1. Quick test of your reading of the structure: Ile33 fulfils all but one of (1) open to solvent by 80 Å² or more (accessible area, probe 1.4 Å); (2) at pLDDT below 95; (3) closer than 27 Å to Pro131 by Cα; (4) not assigned by TED's automatic domain parsing to the domain that holds Asp120. Name the failing condition by number.
2. Can you run down the residue pairs with Cβ atoms below 6 Å, 6 or more apart or on separate chains, where the first is in segment 45-71 and assigned by TED's automatic domain parsing to the domain that holds Met1 and the partner is part of a helix (DSSP H, G or I)?
3. Just checking, which of Thr56, Thr49, Thr89, Thr115 is open to solvent by less than 40 Å² (accessible area, probe 1.4 Å), within 17 Å of Thr19 (Cβ to Cβ) and of a type in the set (Val, Ile, Thr)?
4. I'd like the residue in segment 73-101 that is assigned to a loop (DSSP other than H, G, I, E, B) and closer than 16 Å to Trp25 by Cα and, out of all such residues, is nearest to the ligand (Cβ to nearest atom).
5. Looking at Ala130 and the list (1) within 16 Å of the ligand (Cβ to nearest atom); (2) open to solvent by 20 Å² or more (accessible area, probe 1.4 Å); (3) among the small types (Gly, Ala, Ser), which single condition is not satisfied?
6. Answer yes or no as to whether Pro106 is open to solvent by less than 60 Å² (accessible area, probe 1.4 Å) and not basic (Lys, Arg).
7. What are the residues in segment 88-130 that are hydroxyl-bearing (Ser, Thr, Tyr), touching a residue at least 24 places away in the same chain (Cβ under 8 Å) and out of contact with any Gly (no Cβ under 9 Å at 6 or more places or on another chain), if any?
8. For segment 108-126, give me each residue that is within 13 Å of the ligand (Cβ to nearest atom), part of a loop (DSSP other than H, G, I, E, B) and touching a strand residue (DSSP E or B) at 6+ places or on another chain (Cβ under 8 Å).
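The values are calculated or read from the model by the stated rules, or taken from the named source; none is laboratory data. From a predicted model like this one, the values you see are computed outputs, not experimental measurements. Methodologically, a virtual Cβ is constructed for each residue, glycine included, from the backbone with ideal geometry; neighbour enumeration extends over all protein chains shown. Note: areas computed on protein heavy atoms with side chains; ligands, DNA, RNA excluded. Shrake-Rupley method; radii C 1.70, N 1.55, O 1.52, S 1.80 Å.
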Amino acid sequence: MSKGLLHHIELYVSDIKKTVDFWSWFLEELGYIPFQEWESGRSWKLGDTYIVFVQTEDRFLDVPYHRCRVGLNHLAFHANSRQHVDEMTIKLKEKGISILYPKKHPFAGGDNHYTIYFEDPDRIKVELVAPE
Ligand SMILES: [Zn+2]
């Protein structure tokens, strides 16, 4: 039963091409598979949950996303292990994706949280968390 689990998340983005480049790699590394595709959107699914990205209409692009304003701050995903977090950290760096809070990495989320934080093209924060 999936009762109460997230069914899907839908995010509006400023540049769907950049978003797809970034998220397709990351989500497919985590085992998500491409799910839906249409002119202004794409989604990926894992289990009973899917994540949708949609191109924002030009007329709504005047106010950019900022994760410190009201609304979504970040999305956190489960990693397999600390080693998995480390492997993804190396891959992210190889792709030129900068790591947030580098001085505190991998404990930027607290001493019991082994994580990596980084940003998507709209600067939505993404977190990958090892099991405790
Ligand atoms: Zn978090």
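1. Going through (1) open to solvent by 80 Å² or more (accessible area, probe 1.4 Å); (2) at pLDDT below 95; (3) closer than 27 Å to Pro131 by Cα; (4) not assigned by TED's automatic domain parsing to the domain that holds Asp120 one by one, Ile33 breaks only (2).
2. Here the result reads Phe53/Thr19; Gln55/Ile16, each pair linking segment 45-71 to a residue that is part of a helix (DSSP H, G or I).
3. On the way: Thr49 fails: within 17 Å of Thr19 (Cβ to Cβ); Thr89 fails: within 17 Å of Thr19 (Cβ to Cβ); Thr115 fails: within 17 Å of Thr19 (Cβ to Cβ).
It is Thr56.
4. Narrowing segment 73-101 to residues assigned to a loop (DSSP other than H, G, I, E, B): 73, 79-81, 95-98, 100-101.
Next, from what is left, pick out any that are closer than 16 Å to Trp25 by Cα: 79, 95-98.
Working: Ala79: 13, Lys95: 22, Gly96: 23, Ile97: 18, Ser98: 18 Å.
Residue satisfying both the conditions and the ranking: Ala79.
5. (2)
6. On the way: open to solvent by less than 60 Å² (accessible area, probe 1.4 Å): yes; not basic (Lys, Arg): yes.
Spelling it out, Pro106 is indeed open to solvent by less than 60 Å² (accessible area, probe 1.4 Å) and not basic (Lys, Arg).
7. Within segment 88-130, Thr89, Tyr114 qualify.
8. Ala108, Gly109, His113, Tyr114, Ile124
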